[in-house]
1. State the number of residues belonging to region 324-375 that are in a helix (DSSP H, G or I), under 22 Å from THR103 (Cβ atoms) and either charged (D, E, K, R) or at pLDDT below 95 (or both).
2. If a residue has to be assigned to a helix (DSSP H, G or I) and either farther than 18 Å from GLY268 by Cα or among the small types (Gly, Ala, Ser) (or both) to count, how many in region 46-92 make the cut?
3. Quick one: which residue in GLN291, GLN339 is within 19 Å of GLY74 (Cα to Cα), of a type in the set (S, T, N, Q) and surrounded by fewer than 24 Cβ atoms within 10 Å (Cβ to Cβ)?
4. I'd like to know if region 251-265 contains one or more residues that are assigned to a helix (DSSP H, G or I), in contact with a helix residue (DSSP H, G or I) (Cβ under 8 Å, 6 or more places away or on another chain) and modelled with pLDDT of 95 or more.
5. Sort through GLU287, GLU276 and tell me the only one that's assigned to a helix (DSSP H, G or I) and at pLDDT below 95.
6. Please work out which one of (1) over 18 Å from the mean Cα position of the chain (by Cα); (2) buried (at least 20 other Cβ atoms within 10 Å of the Cβ); (3) modelled with pLDDT of 95 or more is the condition THR17 fails and give its number.
7. What do you reckon, is VAL247 surrounded by 15 or more Cβ atoms within 10 Å (Cβ to Cβ), under 19 Å from the mean Cα position of the chain (by Cα) and modelled with pLDDT of 95 or more?
Amino acid sequence: MQRRHLLQLGLGTALPTRLWAATPDTPRLLLVFLRGAYDAANLLVPVASPFYYESRPNIAIAKDAALPLDGAWGLAPALADSVHPLWLKQQAAFVPFAGTHDTTRSHFETQDHIELGQPDNDARDFRSGFMNRLAGVLGAGAAGGSRLEAMAFTDQVPLILRGGLPVANQALRELGKPAINAAQAQVIAGMYAGTRMAGTVSGGFEVRDEVSREMAGEMEAASRGAIAAKGFALEARRVARLMRERVALGFIDVGGWDTHVAQGGATGALATKLGELGRGLALFADEMGPQWKNTVVVVVSEFGRTFRENGNRGTDHGHGSAYWVLGGGVRGGRIAGEQVEVKADTLFQNRDYPVLNEYRALLGGLFKRMYGLNDAQLATVFPGARARDAGLV
């Protein structure tokens, strides 16, 4: 049976990537991708900027409504009961003016650009995402003991985790409904018996079936009303349980951030989504338990949005964004990275936040601190990038 037939049946998304041997202090990384380009200026509010209030007469968050962070920045009030407490415990940091130098302002182009993590001017290799390369680096040389895994909590393996290593995925919205039934799995496993792929194939089915059983049971239990049956908050608890026990590198994406119309300010459409996301992240942190001290969550988006509101009381496709970095071991309670005063003459092309903290340099510096990677390993993950340590961990 050829690989394409396995992919059609769903087996190609069920194979686990084994990483380094697990220890009590093994780092966990969860990358949350906000697809649709969220409005960073109404998350991390530039409360010291008169230009912000001039530019957003209808959707700005008032200074006295924003949660205080420092003299220049406030936080969206929708995160008062979720992310702001993590900030106060110094377990949350924000990096404004972050993103990629891609200027297409295309959701698809820029998402691909970030997920691949390849040099700006090189031809793109769509077979190699940067988290797959990170998994390869972390798995090199590991021997013995119980191994942790890389997993995408998505319907299909995303570009960021595609590459030379097979990676598992779990579709959170279709639990208990595997693409391959038990009889088909037995036939396929039998085809590979006695080959070097036998262990990987059978192991992939075991991981898929075990995860599906565990998570389907949790969905039924949630019908008691403690947590809604849908939404990021419910998914976040399940993701945390898996990352606590068996997943070292995780990826999840959350959609619906393209707010061209009726975006709202302290309340409204964007605030509601931020509130849901924040609750999910707080529940994730709580569910990680003691492993939270070894966990880093990075929240990114493909780009930011226009600084000035549009005629529909929304915002359009922009450039620079703001990244979130959360975790029990994060050096939080601060705004990190290179910054600039928010005013008209510091905007990129007179419309957007500039990108001062390029994502490959920023994440490269973070990975170097988290995993002790050397320059050659970093060059594998982000070819041609120079890691920049923002002191996030």
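The values are calculated or read from the model by the stated rules, or taken from the named source; none is laboratory data. Note that the structure is a prediction, hence the values are computed from the model and not measured. Backbone-built Cβ (ideal geometry, glycine too); neighbour counts: all protein chains shown.
1. Residues of region 324-375 in a helix (DSSP H, G or I): 344-346, 359-371, 375.
Add one more test, that the residue is under 22 Å from THR103 (Cβ atoms), and what stays is 344-346, 359-364.
Filter once more, keeping what is either charged (D, E, K, R) or at pLDDT below 95 (or both): 345, 360.
Final tally of qualifying residues: 2.
2. So the answer is 12.
3. Checking each option against the conditions leaves just GLN339.
4. no
5. Numbers: GLU287 fails: at pLDDT below 95.
Residue meeting the stated conditions: GLU276.
6. Among (1) over 18 Å from the mean Cα position of the chain (by Cα); (2) buried (at least 20 other Cβ atoms within 10 Å of the Cβ); (3) modelled with pLDDT of 95 or more, THR17 violates only (3).
7. no
For (1) hydrophobic (A, V, I, L, M, F, W, C); (2) closer than 18 Å to VAL300 by Cβ; (3) in contact with a strand residue (DSSP E or B) (Cβ under 9 Å, 6 or more places away or on another chain); (4) surrounded by 15 or more Cβ atoms within 10 Å (Cβ to Cβ), each residue gets a yes or a no:
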position: ASP39; (1), (2), (3), (4): no, yes, yes, yes
position: ALA66; (1), (2), (3), (4): yes, no, yes, yes
position: LEU69; (1), (2), (3), (4): yes, no, yes, yes
position: ALA80; (1), (2), (3), (4): yes, no, yes, no
position: HIS84; (1), (2), (3), (4): no, no, yes, yes
